[in-house]
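The values are calculated or read from the model by the stated rules, or taken from the named source; none is laboratory data. Since the structure is predicted, the reported quantities are computational estimates derived from the model, not experimental observations. Cβ placement follows ideal geometry from the backbone for every residue including glycine, while neighbour counts extend to all protein chains displayed. All accessible areas refer to the heavy atoms of the entire protein, side chains included, with ligands and DNA or RNA removed. Shrake-Rupley method; radii C 1.70, N 1.55, O 1.52, S 1.80 Å.
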Amino acid sequence: MTDAAPASHVVIVEPAAQGWLLRVGGAENPMLFVSGRVAEQSGRDLALRLANAGAEVRLELRLRGGAVAARFLCFPAPDDEDNPMAARTAAMTDDPGLSPR
């Protein structure tokens with residue numbers, strides 16, 4: 001385990017004059033989409049890919065008026081990824097129906 005904090009990214013999906021923009025903090029080339037649905041899905045996919053690569057990601061979805069419609073936080077996987085049950089709480093593992101098989 002390292003002491004260094006994971007990189008942090010902000011991914012924003014927001015309206016533009018002729019569609020929807022997908023911006024990544026620090027990048028100078030936003031992606032333009034005609035469909036808000038496609039822009040949102042692309043933003044979610046990108047946020048998950050960045051989190052899977054070890055970055056903490058904040059995804060913001062904005063409305064036409066500029067207000068934030070939703071905000072999601074995506075975290076990197078735990079260091080002991082080879083043990084998928086490591087995140088289970090004691091209450092979950094006490095229930096025979098939820099314990100690993």
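Against the numbered list (1) loosely packed, with under 12 Cβ neighbours inside 10 Å; (2) without any contact (Cβ under 8 Å) to a residue 40 or more places away in the chain; (3) among the acidic types (Asp, Glu), ASP79 comes up short only at (2). Residue count for segment 17-35, restricted to those that are modelled with pLDDT of 95 or more and open to solvent by less than 60 Å² (accessible area, probe 1.4 Å): 6.
Within segment 36-76, the set of residues being open to solvent by 60 Å² or more (accessible area, probe 1.4 Å), touching a residue at least 24 places away in the same chain (Cβ under 8 Å) and more than 15 Å from VAL10 (Cβ to Cβ) comprises GLU40, ASN52, LEU63, ARG64.
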